[in-house]
Amino acid sequence: MHPLRKQRLIVVSLVVVLSSAAVGLVAFALRDNINLFYPPADVVAGKAPVDRNIRLGGMVVEGSIERSSTELDTTFWVTDYEASVAVRYSGILPDLFAEGEGVVAEGMLDDNGVLIATQVLAKHDENYMPPEVAAALEGKAALGEAAVLP
Amino acid sequence: MIPELGHIALIIAFCLAIALTFLPMWGAARRNVSAMNVAPTLAVSVTLFVAIAFSLLTTSFLRDDFSVAVVAANSNSLLPPIFKFSAVWGNHEGSLLLWVLILSGWMSAVAFFSRGLPLIMVARVLSVMGFVAVGFLAFSLLTSNPFERLLPSTPLDGNDLNPLLQDPGLIIHPPLLYMGYVGLSVPFAFAIAALLGGRLDASWARWSRPWTNVAWGFLSLGIMLGSWWAYYELGWGGWWFWDPVENASFMPWLMGTALVHSLAVTEKRGVFRSWTVLLAIFAFSLSLLGTFLVRSGVLTSVHAFAADPERGLFILIFLALVVGGSLLLYAMRAPSVASRVFYTAISRESLLMVNNLAFTVATIVVLLGTLFPLVMDAFSLGKYSVGPPYFNAVFVPLMALVMPFMTVGPLSRWREDTVGRWLHELMVPGLAVVLLAALLGIFGDRDFNVWIALAVLLSGWVSLGVLRDFWRRVASGDGRMRWHRVSPSFLGMTAAHLGFAVVVLGAVVVTQLNEERDLRMAVGDVEELGGYRFELLEIGQSQGPNYAADFAVFEVTDAGQRIALLAPEKRRYFASGQVMTEAAIDASFWRDVYIALGEPIGDDAWAVRLQYKPMVRWLWLGGLMIGLGSLITVFDRRYRTQSARSESSAVGAVGFAG
């Protein structure tokens with residue numbers, strides 16, 4: 001074969017092999033690792049899947065944080081002013097986690113509709129609102145208005 | 001008065017940058033020497049006026065001028081002076097000004113060190129960089145003016161800098177990262193200039209290469225510092241989160257890695273020319289994309305300051321203009337510069353191509369994971385998030401795939417080599433490293449861990465191969481060391497490749513053997529973790545300059561011997577009321593002990609996070625080796641000759657030290 005053509009063949013076959021390996025990896029990795037965001041209203045309405053990780057976002061309901069006195073377990077309610085979902089988390093909560101503040105919790109729903117969170121994210125500074133939470137709350141109620149337990 | 005002067009300086013810089021964009025470019029098209037000759041002067045003047053604007057903004061911060069909106073929003077009279085200084089870039093407007101300052105600094109450096117280059121090349125390169133400067137100066141002036149005043153309702157005191165950013169790491173992390181980010185505009189400008197001139201030969205690659213190495217080296221250091229900062233400041237003990245903002249700086253790095261290697265081939269052998277140009281365009285485009293992602297507020301992150309949609313749109317349009325324009329130019333010019341140089345499958349060219357393909361694919365998969373949620377959201381198809389498992393699943397195998405080739409590449413020959421020679425060279429390191437991995441499994445004091453064995457195998461393979469190559473070059477038959485054969489670029493490559501092996505080993509070991517526990521502890525409680533004993537001795541309160549803190553004192557002991565007294569804090573900052581975790585770390589070469597306080601949970605007890613992190617330091621040590629290795633390559637003699645050819649050889653001899 002002509003050397004230049006052979007050279008092209010090498011390049012093309014390398015590209016084909018590597019890119020198909022990459023496509024395979026991406027497809028495999030994306031299958032289980034993308035988490036959809038749901039506002040509490042969707043979760044209560046049963047729109048969220050129960051057998052996989054989801055992200056739930058909204059405001060922490062005032063007066064809803066309950067800490068265990070012996071363990072690190074914490075339970076709190078997250079609301080979008082339409083519906084509320086209980087979240088249980090075991091571990092250290094972020095610094096800016098507080099009642100009446102925006103929060104995103106990631107985890108799986110159990111049979112009772114409680115989100116067993118593996119990760120809780122709060123905002124990074126007091127003026128900043130995670131865009132998903134802002135969108136979920138938009139038009140529901142004035143931000144900062146006191147939310148009540150269902 | 002000071003802010004107004006700063007504003008005027010910025011406007012003058014903007015006008016000068018417009019002149020720099022058009023005048024030398026016109027001169028290059030018309031072969032008008034005097035028009036081309038003004039390029040270096042204009043570049044230096046832009047730098048001068050941006051520097052004036054920047055120092056005036058800094059003055060406003062240091063003087064607590066709360067009539068300036070940015071100062072009022074991001075500083076406070078109680079803020080320690082060093083943080084007032086770093087607060088200049090701890091916000092959107094100021095960090096953008098730093099961006100422009102560093103860009104113009106690169107511009108001046110090019111003007112200064114490229115006197116030996118053909119005038120038309122210098123004129124075009126500086127014009128392209130001037131165009132980028134125009135874009136960002138316009139962005140600063142039109143959408144994020146740092147000198148905006150709050151008159152007449154001047155606040156009495158400022159809102160304070162976000163406590164997360166009140167840290168020495170923030171003083172150096174953004175400037176270093178920007179040096180890399182923005183530095184990629186230099187190879188981009190060289191690529192565009194070469195396309196315009198239609199001369200894509202080896203000399204173009206030789207001019208562009210030292211700049212690329214320096215920019216990439218700074219980018220490596222910046223990313224490394226960011227990871228280190230996140231580790232000790234965020235209080236989670238994590239060192240890489242695959243956060244979109246981390247990816248924003250990581251993608252130009254990955255593309256830059258491909259570019260650095262591809263430039264080597266183009267310079268030495270004159271092949272991959274169109275490909276190298278394309279990589280230079282993509283690397284800088286990814287820098288711009290990163291700027292867009294970070295500064296437009298589409299992402300949730302520490303780096304996202306309060307967002308304004310207008311800003312995002314501006315960068316997006318500019319990005320489209322730069323990427324679209326350069327790709328159009330590429331499409332028009334690139335086919336005419338295709339190379340006709342021959343090489344075989346068993347050659348250094350092929351191995352470097354493996355590097356290029358692997359890093360390009362890595363960039364694409366990271367890009368995909370980063371943009372996927374944004375694209376889905378933009379088309380209202382749901383709000384997704386792509387987590388670390390995705391990135392680990394696609395990225396780790398790709399890197400594992402590259403490592404076997406990293407050893408063969410540096411010692412193989414250009415054009416044509418033989419498998420027999422490779423085997424001859426690498427048989428000993430290969431056997432040694434397999435033996436090492438096996439022995440570790442048999443005699444190690446821990447259970448056999450397949451991932452660590454694999455990491456030892458791959459990292460050992462890379463290190464031994466690199467060292468073997470180094471030895472082969474230095475040692476001579478008569479037992480004397482021939483140190484003069486170690487050129488700065490060879491030393492740099494050796495350091496960077498070793499650094500990569502060190503990072504990989506550190507990353508795998510700390511991921512696999514990390515021990516972490518969240519628990520409840522009261523005074524007198526004792527816990528065991530990672531073979532150490534932790535006793536909570538005391539809980540108390542203290543005062544800082546602009547915060548009050550709760551602290552706890554832990555005694556860490558190993559077999560009865562005290563290792564460290566660690567005092568993690570929980571701080572509440574006065575101005576913002578924000579709460580911050582200040583972790584306490586006992587660092588050493590082989591392991592870190594890391595304690596962070598959660599919150600008080602009644603009866604004098606605290607939620608506490610204890611961590612044992614073996615070999616976590618290796619990550620940053622390796623990153624340092626990669627960055628410094630890349631930086632020292634510019635001292636290579638062959639890059640100096642280009643300036644020495646000009647009359648200003650005294651300046652040329654200094655090299656790129658500035």
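Checked against the criterion of being modelled with pLDDT of 90 or more and not assigned by TED's automatic domain parsing to the domain that holds B:ASN247, the candidates B:ALA215, B:ALA123, B:ALA191 yield just one match: B:ALA123. Please go through region A:12-28 and give me each residue that is among the hydrophobic types (A, V, I, L, M, F, W, C) and more than 7 Å from chain B (Cβ to nearest Cβ), ordered by number. Answer for region A:12-28, where residues must be among the hydrophobic types (A, V, I, L, M, F, W, C) and more than 7 Å from chain B (Cβ to nearest Cβ): A:VAL12, A:VAL16, A:VAL17, A:ALA21, A:VAL23, A:ALA27.
Only residues that are in contact (Cβ under 8 Å) with a residue 24 or more places away in the chain and surrounded by 18 or more Cβ atoms within 10 Å (Cβ to Cβ): list them for region A:58-75, please. Result: A:GLY58, A:MET59, A:VAL60, A:VAL61, A:SER64.
Look at (1) assigned by TED's automatic domain parsing to the domain that holds A:VAL114; (2) buried (at least 19 other Cβ atoms within 10 Å of the Cβ); (3) not aromatic (Phe, Trp, Tyr) and you find that A:GLN7 fails only one, number (1).
Among the residues of region B:366-390, just one is of a type in the set (A, V, I, L, M, F, W, C), modelled with pLDDT under 90 and crowded, with 20+ Cβ neighbours inside 10 Å, namely B:VAL386.
Checked against (1) over 26 Å from B:THR511 (Cβ atoms); (2) of a type in the set (Gly, Ala, Ser); (3) part of a strand (DSSP E or B), B:ALA564 passes all but a single condition, namely (1).
The set of residues from region A:84-105 being crowded, with 18+ Cβ neighbours inside 10 Å and either facing chain B (nearest Cβ under 8 Å) or of a type in the set (A, V, I, L, M) (or both) comprises A:VAL85, A:ALA86, A:VAL87, A:GLY91, A:ILE92, A:LEU93, A:ASP95, A:LEU96, A:VAL103, A:VAL104, A:ALA105. The condition of being in a helix (DSSP H, G or I), modelled with pLDDT of 85 or more and not acidic (Asp, Glu) holds for only one of B:LEU457, B:LEU440, that being B:LEU457. In region B:340-353, what residues are at the interface with chain A (Cβ under 7 Å from one of its Cβ atoms) and either closer than 17 Å to B:ASN247 by Cα or assigned to a helix (DSSP H, G or I) (or both)? B:SER350, B:MET353 - these are the residues of region B:340-353 that are at the interface with chain A (Cβ under 7 Å from one of its Cβ atoms) and either closer than 17 Å to B:ASN247 by Cα or assigned to a helix (DSSP H, G or I) (or both). In region A:13-30, the count of residues that are under 18 Å from the mean Cα position of the chain (by Cα), on the phi < 0 side of the Ramachandran plot and either assigned to a strand (DSSP E or B) or of a type in the set (Asp, Glu) (or both) is zero. Does region B:432-449 include one or more residues that are buried (at least 20 other Cβ atoms within 10 Å of the Cβ), more than 14 Å from every other protein chain (Cβ to nearest Cβ) and either closer than 27 Å to B:PHE490 by Cα or not small (Gly, Ala, Ser) (or both)? Yes, the conditions are met somewhere in region B:432-449.
Only residues that are over 30 Å from B:PRO80 (Cα atoms) and aromatic (Phe, Trp, Tyr) were counted across region B:516-574, and they come to 2. When both residues are 6+ apart or on different chains and their Cβ atoms are under 9 Å apart, which pairs have a first residue that lies in region B:508-524 and is within 14 Å of chain A (Cβ to nearest Cβ) and touching a residue at least 60 places away in the same chain (Cβ under 8 Å), and a second that is crowded, with 19+ Cβ neighbours inside 10 Å and assigned to a loop (DSSP other than H, G, I, E, B)? Pairs found: B:GLU516/B:GLY237; B:ASP518/A:LEU72; B:ASP518/A:ILE92; B:LEU519/A:LEU72; B:ARG520/A:LEU72; B:ARG520/B:ILE601.
Being in a helix (DSSP H, G or I), charged (D, E, K, R) and under 29 Å from B:SER114 (Cα atoms) is the requirement here; does B:ARG199 meet it? No. In region A:29-56, the residue that is nearest to the other protein chains (Cβ to nearest Cβ) out of those that are modelled with pLDDT of 85 or more and in contact with a Phe, Trp or Tyr (Cβ under 7 Å, 6 or more places away or on another chain) is A:ARG55.
Within region A:31-57, the residues that satisfy the criterion of being crowded, with 19+ Cβ neighbours inside 10 Å and part of a helix (DSSP H, G or I) are A:ASN33, A:PRO40, A:ASP42, A:VAL43. A search for C-beta distances below 7 Å between a residue of region B:149-165 that is at pLDDT below 80 and any residue that is among the polar types (S, T, N, Q) and assigned to a loop (DSSP other than H, G, I, E, B), counting only pairs 6+ apart in sequence or on different chains, returns B:LEU151/B:SER67. A single entry from B:ASP550, B:ASP586, B:ASP525 fulfils the requirement of being of a type outside the set (A, V, I, L, M) and either in contact with a Lys or Arg (Cβ under 6 Å, 6 or more places away or on another chain) or in the same structural domain as B:LEU219 (by TED's automatic domain parsing) (or both): B:ASP550. Scanning region B:371-412 for residues that are among the hydroxyl-bearing types (Ser, Thr, Tyr), more than 7 Å from every other protein chain (Cβ to nearest Cβ) and not in a helix (DSSP H, G or I) turns up B:SER380, B:SER412. Examine region A:18-34 for a residue that is in contact with a Gly (Cβ under 7 Å, 6 or more places away or on another chain) and in contact (Cβ under 8 Å) with a residue 60 or more places away in the chain, and state whether such a residue exists. No, the conditions are met nowhere in region A:18-34. Evaluation of B:GLY602 against the conditions (1) under 24 Å from A:THR75 (Cα atoms); (2) in a strand (DSSP E or B) shows that the sole unmet condition is (2).
When restricted to residues that are more than 14 Å from chain A (Cβ to nearest Cβ) and more than 32 Å from the chain's Cα centre (by Cα), region B:558-610 contains 8.
Checking each residue in region B:480-505 for being over 22 Å from B:GLY460 (Cβ atoms), of a type in the set (Val, Ile, Thr) and assigned to a helix (DSSP H, G or I) picks out no residue at all. Residue count for region B:504-554 satisfying the condition of being closer than 30 Å to B:ASP157 by Cα, surrounded by fewer than 18 Cβ atoms within 10 Å (Cβ to Cβ) and of a type in the set (S, T, N, Q): 3.
The residues listed here are B:LEU313, B:LEU259, B:LEU321; of these, the one that is modelled with pLDDT of 90 or more, assigned to a helix (DSSP H, G or I) and more than 24 Å from the chain's Cα centre (by Cα) is B:LEU321.
The values are calculated or read from the model by the stated rules, or taken from the named source; none is laboratory data. Keep in mind that what you see is a predicted model, and the values were worked out from it rather than measured. Here the Cβ is made from the backbone with ideal geometry for all residues, glycine too, and neighbour counts use every protein chain on show.
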